[in-house]
Each structure stands twice: as C-alpha cells, then as structure tokens.
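Q: Structure below; questions to follow.
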Amino acid sequence: MRGLSLLVAVAASLQAAEISTTLEVLTGDEIFSRLMEHNRQRESLLRGYSVQREYSATNKSGKLYAAEEVRMTYAAPDEKTFVTLSARGSRLVRSLVFSRLMQSEVAAARGNERSDSSITPSNYRFEAIGAGEVGGRPCYAVQAIPIRKNKYLFEGQIWIDAEDFAIARIAARPATNPSFWIRHVEFVRTYSKVGIVWLPSKDETIADIRIHGRKILTIDHHNYVLNTGMY
C-alpha cells in the first residue's frame, strides 16, 4: 500500500512538471493581477444567478445528522437571498449550522464584510508553487498567504485555471481558529465553469470538535440559472 501511494505521488509530480512546461512562466503577483483583471470582466457581465444547494452534516462514519435543500438567489452587486425547499434531520444542526452559514454569507456579500473576505491583493499575497489540473484543465497552483489574521480569511492553496484565469479549486484552513471548541478545520471548494463565469460546485469542510469528534459539512451546488449581460 505504501509503495502504491509512492507511485501515485510520483505520477502526480511528473504530471505537474509536464503541465508546468506548457504554461507561461508567471510570478505570484502576475497570476494575481490576471485573476483580478478577468474577475472584473466577468463581474461586469454577471447581473445575477440562482442556484440549488444541498447542505448536509455527517460524522466520519457517514451518519447523517441533518440535511437541507435551498434555492439561493444572487443579485449583483451584493444581494443574496435563501429559500428553503426541504429539510430533514436535527433542527438544532439546521439552526446553529446551516442557518448561520446562510446568514453569514448574506452579511459577507455586503459592506465591509464583503471587502474583508474577498480574494484580492488587499487581503492576500500569492506565491507561485507550480502547476496542476482541475477537471482536466491545466492550472497555476499558488500559495495564498493572508496579509492579516482574522475570521474572514484563510491560508492554503489555490488552483487558477490557466486559460480563463479563474479560481478552480481552494484547499485551505481558516487564518484563525473560529472557536475554542473547534480544534482544527480544513475545507476544499471546487468550482466549475457555468456559461461565462466560474461558480462553486462543491464545498467540503472537516472540523475536529472537542468532545464531539470529527464532523463533515458538505454543500453541493447545482442547477445554476444565470442572468448575464450576454443574454
């Protein structure tokens, strides 16, 4: 098993090296600059969208504590609304976890919290660390380093699509521990291209909670309907 893991790691390294030779060599600052430029172009065309989401909370054995299906609607530049379509399982989990996540997202889309949580040079610096693939597409890999430590920022790796200069994947942890009761948190967010923009397709967060053990929160995003300047 150890030998197989080593072979997989070597194969991944060789693939990354091969991808690196086909990409234009860019510094972390140059990658960040192109990401910002392309984001501005995409944002100028996106008037809004709606998406169906499925929230679920499980333990490491897969036991389901709660699930909720919602429709989220976004209207540019900063309005988000949620409508619950169905729910099952623990009301406490839905209230303390799912509802608070939605409330936090609404707040983060507006005012100072929006700028405090954005992936911009005012919040992060990028260090180029190589290349890789996400969904079969070549990407630049960068280390995202928060300029300051607060609850809105994270530290970890970001994969940026080499053709569209859009974020394709984030694997990170919060810049600060969100609570005494949470010993460790890691999250992975993947994105997919939807029409002219890139939007989240899946979030998975793993939290080690004192006394209660490991808990896993998953959010699946699907059935996007876009409202863009091109239609």
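Q: Within the range 15-37, can you find the residues that are in a helix (DSSP H, G or I), surrounded by fewer than 15 Cβ atoms within 10 Å (Cβ to Cβ), modelled with pLDDT of 60 or more and hydrophobic (A, V, I, L, M, F, W, C)?
A: Matches in the range 15-37: 36 only.
Conditions (1) more than 17 Å from the chain's Cα centre (by Cα); (2) within 25 Å of residue 29 (Cα to Cα), marked per residue:
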position: 94; (1), (2): yes, no
position: 97; (1), (2): yes, no
position: 119; (1), (2): no, yes
position: 127; (1), (2): yes, yes
position: 131; (1), (2): yes, yes
position: 134; (1), (2): no, yes
position: 141; (1), (2): no, yes
position: 145; (1), (2): no, yes
position: 153; (1), (2): no, yes
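Q: Looking only at the range 42-52, which residues are surrounded by fewer than 14 Cβ atoms within 10 Å (Cβ to Cβ) and either within 18 Å of residue 168 (Cα to Cα) or without any contact (Cβ under 8 Å) to a residue 60 or more places away in the chain (or both)?
A: The one that is surrounded by fewer than 14 Cβ atoms within 10 Å (Cβ to Cβ) and either within 18 Å of residue 168 (Cα to Cα) or without any contact (Cβ under 8 Å) to a residue 60 or more places away in the chain (or both): 43.
Q: Still on this model: For the range 197-231, what are the residues that are surrounded by 16 or more Cβ atoms within 10 Å (Cβ to Cβ), modelled with pLDDT under 90 and of a type in the set (A, V, I, L, M, F, W, C)?
A: 207
Q: For the range 78-91, indicate whether the set of residues that are under 21 Å from residue 199 (Cβ atoms), surrounded by fewer than 15 Cβ atoms within 10 Å (Cβ to Cβ) and modelled with pLDDT under 95 is non-empty.
A: Scanning the range 78-91 turns up at least one residue that is under 21 Å from residue 199 (Cβ atoms), surrounded by fewer than 15 Cβ atoms within 10 Å (Cβ to Cβ) and modelled with pLDDT under 95.
Q: For the range 58-101, give me each residue that is among the β-branched types (Val, Ile, Thr) and in a helix (DSSP H, G or I).
A: 93, 97
Q: Collect the residues in the range 68-77 that are of a type in the set (A, V, I, L, M, F, W, C) and either open to solvent by 30 Å² or more (accessible area, probe 1.4 Å) or out of contact with any Phe, Trp or Tyr (no Cβ under 6 Å at 6 or more places or on another chain) (or both), keeping them in residue-number order. If you could, list the steps in order and put the result at the bottom.
A: As a first pass, look at the range 68-77 and keep what is of a type in the set (A, V, I, L, M, F, W, C): 70, 72, 75-76.
Hits for the range 68-77 are 75, 76.
Q: Could you check, for the range 60-67, whether at least one of its residues is open to solvent by 40 Å² or more (accessible area, probe 1.4 Å), at pLDDT below 95 and on the phi > 0 side of the Ramachandran plot?
A: The answer is yes, given that some residue of the range 60-67 is open to solvent by 40 Å² or more (accessible area, probe 1.4 Å), at pLDDT below 95 and on the phi > 0 side of the Ramachandran plot.
Q: Which condition number does residue 167 fail, the rest of (1) at pLDDT below 95; (2) under 22 Å from residue 55 (Cβ atoms); (3) of a type outside the set (Ser, Thr, Tyr) being met?
A: Exception for residue 167: condition (1).
The values are calculated or read from the model by the stated rules, or taken from the named source; none is laboratory data. The model shown is predicted, which means the values in this text are computed figures rather than measured ones. Neighbour counts are summed over all protein chains in view; Cβ atoms, including those assigned to glycine, are modelled from backbone coordinates with ideal geometry. The accessibility values were calculated without ligands, DNA or RNA, using every heavy atom of the protein model including side chains. Shrake-Rupley method; radii C 1.70, N 1.55, O 1.52, S 1.80 Å.
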